[in-house]
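Undergrad: For reference, the structure I am asking about is given below.
The values are calculated or read from the model by the stated rules, or taken from the named source; none is laboratory data. Worth saying up front: this structure is predicted, and the values here are computed from it rather than measured. Quick reminder, even Gly has a Cβ in these numbers, built from the backbone with ideal geometry, and neighbours come from all protein chains shown. These accessible areas exclude ligands, DNA and RNA; they are computed on the full protein's heavy atoms, side chains included. Shrake-Rupley method; radii C 1.70, N 1.55, O 1.52, S 1.80 Å.
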Amino acid sequence: MTIATTEGPLKRGAVRPGERALAPDLARGIMLLGIVLSNTAFHLWAARRGPSGWQPVDGSWLDHAVQFAMITALDLRIYPLFAFLFGYGMMQLYLRQTAAGTDGRDAARILRRRSLWLIVIGLTHAALLMSGDIIGF
């Protein structure tokens, strides 16, 4: 089945329920939860900030231990893995389209359109909610 669009014929639509791989979806969900946990330090309104502007500098030894654990376990692990899973999803979309017979340029056009929408969403999120946004990047 071919779906005609303004960009050319697409041979495939969305992923069918039987084709979904559960592991990448669960990993992405866990990574998003980790990003939420990583951003909790930003919302400590009364805390004095360090040079980065993100982490508070005052607090007890327990606060510093939790801060160290969050930086090493969340910030330095979650963002790279989320970026990897994002790239994996983009490649799966491209391979699914080309396997169905869509021209490589048309499949790349889909990826560009989705990427532009993510940039728009990221800029909106950065302007309205939080400037340290990963979506726009």
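Undergrad: Does Ile35 qualify as being open to solvent by 40 Å² or more (accessible area, probe 1.4 Å), at pLDDT 65 or above and not in a loop (DSSP other than H, G, I, E, B)?
TA: On the way: open to solvent by 40 Å² or more (accessible area, probe 1.4 Å): no; at pLDDT 65 or above: yes; not in a loop (DSSP other than H, G, I, E, B): yes.
No.
Undergrad: Oh, and also: For region 90-105, state whether one or more residues are part of a helix (DSSP H, G or I), under 19 Å from the mean Cα position of the chain (by Cα) and either among the β-branched types (Val, Ile, Thr) or under 20 Å from Leu33 (Cβ atoms) (or both).
TA: no
Undergrad: Collect the residues in region 80-112 that are of a type in the set (Val, Ile, Thr) and open to solvent by 30 Å² or more (accessible area, probe 1.4 Å), keeping them in residue-number order.
TA: Across region 80-112, the qualifying residue is only Thr98.
Undergrad: Kindly evaluate Gly50 against the criterion of being open to solvent by less than 70 Å² (accessible area, probe 1.4 Å), within 19 Å of Arg114 (Cβ to Cβ) and modelled with pLDDT under 80.
TA: no
Undergrad: Select, from Phe84, Phe68, the only residue that is in a helix (DSSP H, G or I) and within 18 Å of the chain's Cα centre (by Cα).
TA: Phe84
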